[in-house]
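**Q** Handing you this structure, nothing more for now.
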Amino acid sequence: MALSISLVVLLGIIVFVLVRTGYQRIMPGIAVALFGFFLAGTGIAPTVTSAVSSLTGWISSF
């Protein structure tokens, strides 16, 4: 739960900065898409959440 809230806040800040600067490329688009999945709680959100949790667990193992 704490990871999801932290990730939503982080991605929200990223989206805010991108909107303010008008900067749009592939990576910001991915950040916006992930923010939408976490925030809206759609049917695919659990899949995205588990993928992000797996990725963060993999990164933390280093």
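The values are calculated or read from the model by the stated rules, or taken from the named source; none is laboratory data. Model, not experiment: these values are computed from the prediction. When we count neighbours, we look across all protein chains shown, and the Cβ atoms used for this are built from the backbone with ideal geometry, even at glycine. Quick note on the areas: whole protein, heavy atoms, side chains included, nothing else; ligands and nucleic acids left out. Shrake-Rupley method; radii C 1.70, N 1.55, O 1.52, S 1.80 Å.
**Q** Can you report the number of residues in the range 41-62 which are assigned to a helix (DSSP H, G or I) and either open to solvent by 70 Å² or more (accessible area, probe 1.4 Å) or not aliphatic (A, V, I, L, M) (or both)?
**A** Here is the first cut: in the range 41-62, the residues assigned to a helix (DSSP H, G or I) are 45-60.
Keeping just the survivors that are either open to solvent by 70 Å² or more (accessible area, probe 1.4 Å) or not aliphatic (A, V, I, L, M) (or both) gives 46-47, 49-50, 53-60.
Summing the residues that are assigned to a helix (DSSP H, G or I) and either open to solvent by 70 Å² or more (accessible area, probe 1.4 Å) or not aliphatic (A, V, I, L, M) (or both) in the range 41-62 gives 12.
**Q** For the range 3-21, what are the residues that are modelled with pLDDT of 80 or more, open to solvent by less than 60 Å² (accessible area, probe 1.4 Å) and not aliphatic (A, V, I, L, M)?
**A** G12
**Q** Six or more apart or on different chains, Cβ under 7 Å: which pairs go from a residue in the range 35-53 that's touching a residue at least 40 places away in the same chain (Cβ under 8 Å) to one that's open to solvent by 50 Å² or more (accessible area, probe 1.4 Å) and in a helix (DSSP H, G or I)? Could you list them?
**A** From residues that are touching a residue at least 40 places away in the same chain (Cβ under 8 Å), the pairs are S53/L3.
**Q** In the range 8-23, which residues are closer than 15 Å to G36 by Cβ and of a type outside the set (V, I, T)?
**A** L10, L11, G12, F16, L18
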